[in-house]
């Protein structure tokens, strides 16, 4: 846009900015905690090798620096069902009385 000054961010500001995914991952871990999936001792050992680029990209995207935390978030995501299909099934065909569906055809 012309005439609008956009403040520049420094690399330090970008690194400190909280990622929206960090809130999502905190929620995932909290839901896992509420479901009892994080109860008890942490005695199960999970170990596998991955390409460094995959691990680095996942950490970067998730805003996570710890490999252990990355594994916990990944397992918590996989251990809980996705609520979207259930929601779509329960609400199928219900748009509300005042909903105007614009199909784009004239």
- Query: Consider residue 99 against the criteria (1) over 21 Å from the mean Cα position of the chain (by Cα); (2) outside any loop (DSSP other than H, G, I, E, B): it satisfies all of them except one. Which criterion is unmet?
  - Reply: (2)
- Collect the residues in region 56-93 that are farther than 19 Å from residue 29 by Cβ and at pLDDT 90 or above, keeping them in residue-number order. 56, 57
- Message: List the residue pairs whose Cβ atoms are under 7 Å apart, where the first residue sits in region 28-44 and is within 11 Å of residue 72 (Cβ to Cβ), the second is at pLDDT 90 or above and not in a helix (DSSP H, G or I), and the two are 6 or more positions apart or on different chains.
- Response: 32/38
- Looking at residue 26, is it at pLDDT 55 or above, closer than 25 Å to residue 82 by Cβ, surrounded by 10 or more Cβ atoms within 10 Å (Cβ to Cβ) and more than 14 Å from the chain's Cα centre (by Cα)? no
- Message: Considering only residues that are within 22 Å of residue 21 (Cα to Cα) and assigned to a loop (DSSP other than H, G, I, E, B), which ones fall in region 32-45?
- Response: 35, 37, 38
- Task: Residues being in a helix (DSSP H, G or I) and either touching a helix residue (DSSP H, G or I) at 6+ places or on another chain (Cβ under 8 Å) or on the phi > 0 side of the Ramachandran plot (or both): count how many of those fall in region 46-93.
- Result: 13
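The values are calculated or read from the model by the stated rules, or taken from the named source; none is laboratory data. Only a predicted model underlies this, so the values are computations on that prediction, with no experimental measurement involved. Positions of Cβ are generated from backbone atoms using ideal geometry, with glycine treated the same way; all protein chains shown enter the neighbour counts.
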